[in-house]
Structure formats: C-alpha cells, structure tokens
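Enquirer: The structure under discussion is supplied below as structure tokens; questions concerning it will follow.
The values are calculated or read from the model by the stated rules, or taken from the named source; none is laboratory data. If you're wondering where the values come from, they're calculated on a predicted model, not measured in any experiment. Positions of Cβ are generated from backbone atoms using ideal geometry, with glycine treated the same way; all protein chains shown enter the neighbour counts.
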Amino acid sequence: MSTLLTGIGELTTNDPELGTVRDAAVVWEDEQVGWVGPAAAAPEADERVDVGGRAALPGWVDSHTHLVFDGDRTSEFAARMAGQPYSAGGIATTVTATRSATDERLAANLRALVAEAMRGGTTCLETKTGYGLTVSDETRSARIAAEVVDEVTFLGAHLVPAERSAESYVESVCGEMLDAVRTNVSWVDVFCETGAFDESQAARVLRAGQRHGLGTRVHGNQLGYGPGVQLAVRSGAASVDHCTYLSDGDVDALAGSDTVATLLPACDLSTKQPLAPARRLLDSGAAVALASNANPGSSYTTSMDFCVATAVLQMGMSVTEAVWAATVGGARALRRHDVGVVRPGARADIQVLSAPSATHLAYRVGVPLARRVWRAGREAVTVS
C-alpha cells in the first residue's frame, strides 16, 4: 500500500540535499519513504492525503525518558517550587511505588504515556529501566519496555538502593542484573553525579555494558560540574545527557567527539537548575539533541513541542536548530539513521502541524500543534 502526502506548504526534511521543500509531497510504501519533492512532480499512489498547505516535518525522536514507573511525586514538586533544592534522592520514592506495582499497571501507564507522546508528534522513543533496582524488578521493567518502545536502556545504575552498599550494588549491576536484562535492552546508562555514582563506579558500569555488546549513555553534569562528560567522551558513549554545568574543557571534549550532548530543558525548569548552555555547544561544533526526560519526579512531561519552544525562547537556539536537535539530534544520540529525517529510505515518521511553518512551534508556545501523525507509514494521530 502506497500513500501520497501532498499539499504540504513547508516540508522540513533534515536532509542536507533536499533541505526545506515548499509546496511539497512525500510518497511512502508500507513503512518506508520512497519519494520526496515538489507536489507538482509527485508520482501516483494508492492513497492520496492533501494537508491543505500545512507544515510537515519528521516525527520527534525523544532519546531520553523514564516511563516504566508507578507512583506520584506531586508533593516533591510543590516543595521545590517553594524553595527546596532538587536532589537525586527523590528517585527512591518512585522505586518504592514501582516495586509494589503489578506488571499490568506498569504496562498500562507506559502505554498511556507513549500514546500521549505520540499525540504530541513523537514517533521514536527511548525509555529506561531504573525504578526497580533489583534483578527481578529491573528485568521486568526491561521486558515491559521492550514490548512498547523503540529503544530500551538499562539504568540499573540510577541510584544505590537503601538496602545495599554502593560496592555490592555496583557489582550486581555489572553482573547478575546486566545478565538478566540483556535480551531486552540495547543500551546501558549510569547516573554519574553526586548522590548517585562516582566516576570509578560509573566507568565500571559502562565497561560491563560494552562487554555485553551494549551501546553506552551517561547522565552527567546535571547538579554541578563533574566527570560525567569527560567519562562519556572517553568511553565513546553515544550521548551524555543533562549537560547543565559544563567547563570549557567539557565543551571542547564534546566538540571533538561523536558523543551527543542531550539537553533536557523541561527538567532544568522543573528542578530550578540553569538551562543548559545550548549556544556554547552549538557554536563549538558539538552535536546537540533535545529530549523530554519524561519521568514522575523531575520532568513530568512528554511534550517535545515544549522542549523545542524553550530551546528557542530561552536557550539561544534558532527554530531550525531546535527542530534538528529534537529529530536528527535524538536519532544520532540513539545511533539511528532511519528516523528524524524525511528522505527516501527513511522510516515514514511524519507529523503535520496545524500551522503553515515550523516556526509556529515557538511562535505559538504552549499550543499543541500536531494535527496528523504517521509512524512507520501508519497514521497514529488525527485531530479533527
């Protein structure tokens, strides 16, 4: 079955050769884009969809979320808004609730949040374990996630649980826990931060993941200056996420590497941290991604529109840079080439906006703009 999407007023392809196409059309067959170009030159297809001059762009690639959880942290959020500082320790509250939840409850919550993200234009999504912190709980989190999302990351090294010593827990993460989750994950991550895991412990976790053939990611430099960025670059990690506090050396290291700096503006705002230095990173030549960090404690949103608008309005990014970071940037952070772009051979992930241009994502801040969304060639969202 082939589909012709036509009447596109402005098509952001993110392809360097195709660029932005006016009066555009896209043809896909089954799950894959087959043709992109001017609407007047479009080939015939089995199905024709005219979007009436609206803007279209790739679906968002959200490369950092924590969606396998139960429980509520409203009181913690309210306390932060009243002046209490954020610390990594709040994760333990979610761990307690998640351990007590049934598989069915965790899966239902995950599916609801993924559907919510899809309604906002997200068509490729990563999520992490990390709210179980036992072999059995991390294993079921990975299994549940693998049934729903595109990319699953093992984050056993999220926090040392209260009942374990740091040394014995790191040994478990690198050994029995990693062995148990391996079949359902593609990545290993570690929270390298004061209150979580130090540089030596984090390095052990990354090496263990690499021995199992997993890609690596790092939570780093969120709460203060620290070793996370340098460790990520040295280890060849696909991304280092947060990057709120960066030294000149950190920026230079990222600029000289393939490690993507994934910025999480909704989290920065929710935790009352400074916004990450997007402009410094872009001007240095570093690759930048934007992601939601959707989780119940520090960033309870799946809205990539909000992240893009914040990046434009408060972080010094242009609309083009922010859209790129929320699509191609996320794809690079996941080492994927089939998403985040609209070009022949890519997965047919496309969102059509209730607007004539992508600029409206920041211009009409706070307004949900995704009108129609296709994922892998199937229409997932239609707003009447």
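Enquirer: Pull up the range 123-164, narrow it to residues that are at pLDDT 95 or above, surrounded by fewer than 23 Cβ atoms within 10 Å (Cβ to Cβ) and of a type in the set (Gly, Ala, Ser), then point me to the one that is farthest from the chain's Cα centre (by Cα).
Expert: Ser136
Enquirer: Now for a separate question. Taking the range 13-48, which residues are touching a strand residue (DSSP E or B) at 6+ places or on another chain (Cβ under 7 Å) and touching a residue at least 60 places away in the same chain (Cβ under 8 Å)?
Expert: Within the range 13-48, Thr13, Asn14, Leu18, Val26, Trp28, Glu29, Glu31, Gln32, Val33, Gly34, Trp35, Val36 qualify.
So that you can scan it fast, the table gives a plain yes or no per residue for (1) outside any helix (DSSP H, G or I); (2) assigned by TED's automatic domain parsing to the domain that holds Gly195; (3) under 26 Å from the mean Cα position of the chain (by Cα):
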position: Thr6; (1), (2), (3): yes, no, no
position: Val33; (1), (2), (3): yes, no, yes
position: Val95; (1), (2), (3): no, yes, yes
position: Leu113; (1), (2), (3): no, yes, yes
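Enquirer: Residues in the range 35-47: is at least one closer than 19 Å to Arg332 by Cβ and either modelled with pLDDT of 95 or more or of a type in the set (Ser, Thr, Tyr) (or both)?
Expert: Looking through the range 35-47, none of the residues is closer than 19 Å to Arg332 by Cβ and either modelled with pLDDT of 95 or more or of a type in the set (Ser, Thr, Tyr) (or both).
Enquirer: Could you tell me whether the range 360-369 includes any residue that is within 26 Å of Val240 (Cα to Cα), of a type outside the set (Asp, Glu), in a loop (DSSP other than H, G, I, E, B) and out of contact with any strand residue (DSSP E or B) (no Cβ under 6 Å at 6 or more places or on another chain)?
Expert: The answer is no, given that none of the residues of the range 360-369 is within 26 Å of Val240 (Cα to Cα), of a type outside the set (Asp, Glu), in a loop (DSSP other than H, G, I, E, B) and out of contact with any strand residue (DSSP E or B) (no Cβ under 6 Å at 6 or more places or on another chain).
Enquirer: Something else about it: Of all residues in the range 89-118, how many are surrounded by fewer than 16 Cβ atoms within 10 Å (Cβ to Cβ), under 30 Å from Leu369 (Cβ atoms) and in contact (Cβ under 8 Å) with a residue 60 or more places away in the chain?
Expert: Count: 1.
Enquirer: Scanning for something of a type outside the set (A, V, I, L, M), touching an Asp or Glu at 6+ places or on another chain (Cβ under 6 Å), outside any helix (DSSP H, G or I) and surrounded by 23 or more Cβ atoms within 10 Å (Cβ to Cβ), does the range 326-344 turn up at least one residue?
Expert: Taking every residue of the range 326-344 in turn, none turns out to be of a type outside the set (A, V, I, L, M), touching an Asp or Glu at 6+ places or on another chain (Cβ under 6 Å), outside any helix (DSSP H, G or I) and surrounded by 23 or more Cβ atoms within 10 Å (Cβ to Cβ).
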